[in-house]
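The values are calculated or read from the model by the stated rules, or taken from the named source; none is laboratory data. This structure is a prediction, so every number in the text was calculated from the model and none was measured. Counting neighbours? That spans all protein chains shown, and the Cβs are built from the backbone with ideal geometry, glycine included. Quick note on the areas: whole protein, heavy atoms, side chains included, nothing else; ligands and nucleic acids left out. Shrake-Rupley method; radii C 1.70, N 1.55, O 1.52, S 1.80 Å.
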Amino acid sequence: MRISIIGTGYVGTVTGTCFAHLGNEVICVDVDPKRVEMINKGIPPIYEEGLEELLKEHAGKNLRATLDYDDAIENSDISFICVPTPSDENGKIDLRFIREASKSIGERIKNKDSYHVVVVKSTVVPETTSKVATPVLEEYSGKKAGKEFGVGMNPEFLREGKAVYDFQNPDRIVIGADDKKAESIIRSLYSAYNCPIITTDTRTAEMIKYVSNSFLATKISFSNEVGNICKRLGIDTYKVMEAVGLDARISPHFLRSGLGFGGSCFPKDVKALIGKASEVDYEPILLKTVLKVNDDQPSRLIQLLKKHIPELNGKKIAVLGLAFKNDTDDIRESRAIPVIGTLLAEGVDVSAYDPMAAEHMKRVFPNVKYHRTAGDALEGVDACIIATEWSEFEKLNGDFSRMKGRIVIDGRKVVNPEDKGIIYEGLCW
Ligand code: NAD
């Protein structure tokens, strides 16, 4: 099929490349000329495991990128909207990019004779497709949704860092559509995958994505709360959660206590669901608490540091790990941000390292000293904080000898506490 992808970030680039790999003709559209140029050269604008190889295989063949909506909509039969849906200043979803993309697509559908399907893949609160995207598409195309063009909602469940794998090995595919023709066209694109396909209306599809992310965020905050209690009781929370996770009703995933969740999805999606609930006059107490537990973990880590170094002013502290999780260069809502922010406010000289994300963090904290290796970041510091679960931090033992003080505060349980040279403190263990 001929597919256009609107927005070439994590979701758009991975979706476009994987659809091309399935044999489709793909045109990616972005408003950012740099991204378009990179994709046409076969260079992914974001880091994702396995993406570069795949993009190189298809760029210039059955995948290309453009700034030109006319070209993209004219030469495709289905468009996937993959633009950002950030939080506004009140935590509610900001649908500006969805409106803009819908307008741009609608203006081009106007001149098309053939039936075009528009699919919202961005994460949007229930009713966005039917009450925001569809009316804008109808207004600018002058055509009727469900008759002269199709509309669908196909949420994306990929994990950053493992996005290509997840796209190609889905647990389930959710297709929301308010008309059968659109539903069957979207479904046909996924015929290569042997997993359950849930078909529903667009509102339910939108809600499924929020409930999935909110549930995972809840599991993390729950595990962190359990970890905070276990720490005080001197119980190993990892042993507790290992046993708890063996219950098939619970599953072992997302039970690792620590510094909390970040990234472009969990914090914003939980906030957006809270915002949507308040619109329908419901106060989601549990979801609000999930965010509160998450927001408190970085300050708990600083408190632990202060147990060892009560006066932080003038001290030199290493922060290892800046990305919001391992295997990505994404720092959006990274827990390292509040940690570094607090340290700087307390007058600390921060020495930082991350295998991938330092360039992005430089824009947030230009005054921090960034190093090329973890060992260099540890040189002469009074203490070290582990903020991201990079596997290379499991093998730091020799590097700790470069520290002046030997205090290691681990927010992710990656460091081996058996290393005789260090004073080890786990956040929840
Ligand atoms: P991103 O910020 O990485 O990329 C978005 C891209 O859209 C950018 O390249 C931007 O230039 C482009 N864009 C903005 N307005 C545009 C327009 N009018 N026309 C064309 N391009 C435009 O975003 P992302 O992380 O890929 O997320 C996109 C959506 O997918 C969001 O709703 C997000 O919540 C959701 N989502 C993200 C993930 C994830 O892991 N990142 C996973 C599942 C769902």
field: For K315, net neighbour charge (Lys/Arg +1, Asp/Glu -1) across residues whose Cβ lies under 9 Å away
entry: -3
query: Which whole-number percent of Cα pairs in region 102-188 have a distance greater than 18 Å?
result: 46
query: With the radius of gyration and the Kirkwood radius both derived from the Cα set of region 246-308, what is their ratio Rg to Rh?
result: 1.08
field: Relative contact order (percent, whole number), the chain, Cα cutoff 8 Å, 6+ residue spacing
entry: 11
- request: For region 55-151, please report how many Lys pairs fall under 20 Å Cα to Cα, leaving out neighbours fewer than 8 apart on the same chain.
  value: 19
Estimated Rh, region 144-247: Kirkwood, alpha-carbon pairs, angstrom: 16.4
- request: Let me know the Kirkwood hydrodynamic radius for region 382-429, please, with Cα pairs as the basis and the value in Å to one decimal.
  value: 10.6
- request: Restricting to the chain, compute how many DSSP beta bridges are antiparallel as a %, nearest 5.
  value: 5
- prompt: Per the Debye formula with a single identical scatterer at each Cα and no solvent contribution, what log10 I(q)/I(0) holds for region 1-102 at q = 0.11, 0.15, 0.17 Å⁻¹?
  reply: -0.31, -0.55, -0.69
- prompt: Tell me, what are the semi-axes, in whole angstrom and largest first, of the equivalent ellipsoid of region 254-382 as set by the roots of 5 times the Cα gyration tensor eigenvalues?
  reply: 30, 17, 12
- line: quick shape note, region 89-151: Cα extents on principal axes in Å, largest first -> 41, 17, 16
- prompt: Just going by the charge dipole of the chain, with Lys and Arg at +1 and Asp and Glu at -1 on Cβ, which of L396, I208, Y193 is farthest out on the positive end?
  reply: L396
- prompt: Over all distinct alpha-carbon pairs, what is the Kirkwood Rh of region 298-372 in angstrom?
  reply: 12.4
field: At q = 0.07, 0.14 Å⁻¹, base-10 log of I(q)/I(0) for the chain (Debye sum, equal scatterers on each alpha carbon)
entry: -0.38, -1.25
- request: Note the count of lysine pairs whose C-alpha atoms are less than 22 angstrom apart in region 243-330, limited to pairs 8 or more residues apart or on different chains.
  value: 15
- line: Residue by residue through region 13-18, the couplings from Karplus 6.51 cos²θ - 1.76 cosθ + 1.60 with θ = phi - 60°, in Hz, x for Gly and Pro, are 5, 5, 4, x, 5, 5
field: Positive minus negative residues near P45 (Lys, Arg vs Asp, Glu; Cβ under 9 Å)
entry: 0
- prompt: Using the Cβ atoms and a cut-off under 15 Å, what net charge is assigned to the surroundings of K61, where Lys and Arg are +1 and Asp and Glu are -1?
  reply: +1
field: Prolate/oblate/rounded call for region 329-369, Cα gyration tensor, a/c under 1.5 rounded
entry: prolate
- request: Provide the solvent-accessible area of R256, counting protein heavy atoms only and rolling a 1.4 Å probe, rounded to the nearest 10 Å².
  value: 110
field: Largest-first principal axis extents of the Cα set of region 50-194 (Å)
entry: 41, 40, 31
Region 309-429: Rg to Rh, with Rh as the Kirkwood radius over Cα pairs: 0.92
- prompt: Cα centroids of region 310-330 and region 26-101: how far apart, whole angstrom?
  reply: 32
- prompt: Under a 5 Å amide H to amide H cut-off, with H placed in plane at 1.01 Å, what residues pair with G426 once short-range neighbours are removed?
  reply: D410
